[in-house]
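The values are calculated or read from the model by the stated rules, or taken from the named source; none is laboratory data. Computed from a prediction, not measured in an experiment: that's the story for all the values here. Here the Cβ positions follow ideal geometry from the backbone for every residue, glycine too, while neighbour counts run over all protein chains shown.
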Amino acid sequence: MVIIKETPYSKEEIEKLAELFEVYIKTVFDTEKEICCAGCDRHFDCEQLLLENGSKQENLWGGGIDIATNTIDYNSFINIRPKQNNRGNEIQDMVVRELFDKLTKKFFKEVL
């Protein structure tokens, strides 16, 4: 189940988002609009949904959260952007990474 929100997820929504991978939830954030799309099989799927809803590519960053260990990761193929000096899967820009971390904690405050 994929859910796009501008407000934090409820505990029930988080449980639904975790159904695909049991304890891991893939996330894509629009860091400008502070919108989260989560629960996708591939980050690309969430990225496309956000683009269709008016987000800009340069503001979309992917990663995930392991709700069993409360670990945030910053790894996704959609993060590979040489034009934005992000040459790998990991979010390399510390400002963007800190914002991704802040948004993950905001949207998943029920489990973090």
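Failed condition for residue 99, given (1) touching a residue at least 40 places away in the same chain (Cβ under 8 Å); (2) of a type in the set (A, V, I, L, M, F, W, C); (3) touching a helix residue (DSSP H, G or I) at 6+ places or on another chain (Cβ under 7 Å), with all others met?
(3)
What strands (runs of 3 or more DSSP E) lie completely within region 1-78 and have 1 or more residues being free of Cβ contacts under 8 Å to residues at least 40 places away in the same chain and farther than 18 Å from residue 95 by Cβ? Give the steps one after another, and end with the answer.
Details: elements: 3-5, 24-30, 35-38, 60-66, 71-73.
Of the strands (runs of 3 or more DSSP E) lying wholly inside region 1-78, those with at least 1 residues that are free of Cβ contacts under 8 Å to residues at least 40 places away in the same chain and farther than 18 Å from residue 95 by Cβ span 3-5, 35-38, 71-73.
When the residues of region 3-52 are narrowed to those that are within 23 Å of residue 96 (Cα to Cα) and of a type in the set (Val, Ile, Thr), which ends up surrounded by the most Cβ atoms within 10 Å (Cβ to Cβ)?
Step by step, filter region 3-52, then rank; the result is 28.
Residue 102 is checked against (1) in contact with a strand residue (DSSP E or B) (Cβ under 9 Å, 6 or more places away or on another chain); (2) at pLDDT 95 or above; (3) surrounded by 12 or more Cβ atoms within 10 Å (Cβ to Cβ) and fails just one. What number does that condition carry?
Of (1) in contact with a strand residue (DSSP E or B) (Cβ under 9 Å, 6 or more places away or on another chain); (2) at pLDDT 95 or above; (3) surrounded by 12 or more Cβ atoms within 10 Å (Cβ to Cβ), only one is false for residue 102: (1).
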